[in-house]
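In what follows, a single structure is set out as structure tokens and then discussed.
The values are calculated or read from the model by the stated rules, or taken from the named source; none is laboratory data. None of the values given here were measured: they were computed from a predicted structure. Cβ sites come from the backbone with ideal geometry, for glycine too, and all protein chains shown count toward neighbours.
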Amino acid sequence: MKQLRSAHSFFLFTLLLLLSACVPYLTHYNKAQESFNEAAELDNKLKLKIEDEEDFELLSPKSQVQIKYLTALNAIDKVLRGNTGKLQQDGLLASAYTIKALSEWKTERYDASIATARNGLSALAKAKSAGMKAMPRDAAILTAIPGLIKADQAADMVKAPQEQRNYENIANKVQNGLNDIDVALEQAPKGHPVKKYLYTVKLAMLETWLTASADLKGDTGREASQKIMKMQKEVRDLMK
């Protein structure tokens, strides 16, 4: 699980680096990307348990990560406010929504993130109908947002106190999330880094499900556990 979570954060860091040269004339856009990159890098360090005293002197690692994501969210909101027409014209509106949706997801503004992802997908559809080139990365990530949220929610459910955990609720959350990720995978071109990332999300979700099966069902969950492990193998084979 630790390995999958670190891959998760690293992807987000590299994703925004790919966007970093898009709009040099938009100060807030660049600020949003810079803050998101820094947040994802700190997030990666935190999940890998690599702590640098100089970086984390005054605030806890988690607090610093959240502040950076919030800074990115504030900056991208300023970009989108009154500039959607210009961004759409330049083919950058979906990318702006991608940064916003990811920032909202990482700060647990789940309903807002889903709404932003819908706006981003609508922007992509308009760009496509206008004959503009759309980035498949944006399409895949925006489509994946509901699944990414469900992955986090399922992981939180597994970590809840024993009396609050319910196997069926966790299993349903994971299965619905896996369906969301599968739809997103259809948007990702073969060999694109986003495709590998979405497979790591699936593996993390299956690990959550397997943990729930072992902890909450015991011997009676053996059949379910075997099924989950088979699914894990299938995903790993697809990643090769």
Any residue in segment 127-151 that's over 20 Å from Thr84 (Cα atoms): show its pairings with residues that are acidic (Asp, Glu) at Cβ separation under 6 Å, as long as the two are six or more apart or on different chains. Pro146/Asp180; Gly147/Asp180
Keeping to segment 102-126, report how many residues are under 13 Å from Asp180 (Cα atoms) and touching a residue at least 40 places away in the same chain (Cβ under 8 Å). 0
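Regarding segment 203-217, can at least one residue be identified that is of a type outside the set (A, V, I, L, M), under 13 Å from the mean Cα position of the chain (by Cα) and within 28 Å of Tyr97 (Cβ to Cβ)? Let's see the steps before the verdict.
Here is the first cut: in segment 203-217, the ones of a type outside the set (A, V, I, L, M) are 207-209, 211, 213, 215, 217.
Keeping just the survivors that are under 13 Å from the mean Cα position of the chain (by Cα) gives none.
No.
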Matching residues in segment 119-137 - criterion: being out of contact with any Phe, Trp or Tyr (no Cβ under 7 Å at 6 or more places or on another chain) and closer than 24 Å to Lys68 by Cα: Arg137
For segment 150-188, give me the residue count where each residue is over 17 Å from Glu207 (Cβ atoms) and among the hydrophobic types (A, V, I, L, M, F, W, C). 4
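With Asn74, Asn37, Asn30 as the choices, which residue is part of a helix (DSSP H, G or I), surrounded by 19 or more Cβ atoms within 10 Å (Cβ to Cβ) and at pLDDT 70 or above? Steps first, please.
Details: Asn74 fails: surrounded by 19 or more Cβ atoms within 10 Å (Cβ to Cβ); Asn30 fails: surrounded by 19 or more Cβ atoms within 10 Å (Cβ to Cβ).
None of the other options fit; the residue is Asn37.
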Kindly evaluate Lys68 against the criterion of being among the basic types (Lys, Arg) and at pLDDT below 90. yes
Report, by residue number, each residue of segment 186-219 that is touching a residue at least 24 places away in the same chain (Cβ under 8 Å) and small (Gly, Ala, Ser). Ala188, Ala204, Ala212, Ser213
Look through segment 174-195, keep the residues that are under 13 Å from the mean Cα position of the chain (by Cα) and not hydrophobic (A, V, I, L, M, F, W, C), and return whichever of them is farthest from Lys150 (Cα to Cα). Lys195
Restricting to segment 215-239, give me the number of residues that are surrounded by 13 or more Cβ atoms within 10 Å (Cβ to Cβ) and hydroxyl-bearing (Ser, Thr, Tyr). 1
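Rundown of residues vs (1) closer than 16 Å to Gly177 by Cβ; (2) part of a loop (DSSP other than H, G, I, E, B), yes/no style:
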position: Met132; (1), (2): no, yes
position: Gly147; (1), (2): yes, no
position: Ala151; (1), (2): yes, no
position: Ala154; (1), (2): yes, no
position: Glu163; (1), (2): no, no
Just one of Ala123, Ala212, Ala144, Ala184 is modelled with pLDDT under 95, buried (at least 22 other Cβ atoms within 10 Å of the Cβ) and not assigned by TED's automatic domain parsing to the domain that holds Asn74; which is it? Ala212
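Go through Lys195, Lys173, Lys202 for me and flag whichever is buried (at least 16 other Cβ atoms within 10 Å of the Cβ), assigned to a helix (DSSP H, G or I) and in contact with a Lys or Arg (Cβ under 7 Å, 6 or more places away or on another chain). Break it down into steps so the answer makes sense when it comes.
Numbers: Lys195 fails: in contact with a Lys or Arg (Cβ under 7 Å, 6 or more places away or on another chain); Lys202 fails: in contact with a Lys or Arg (Cβ under 7 Å, 6 or more places away or on another chain).
Checking each option against the conditions leaves just Lys173.
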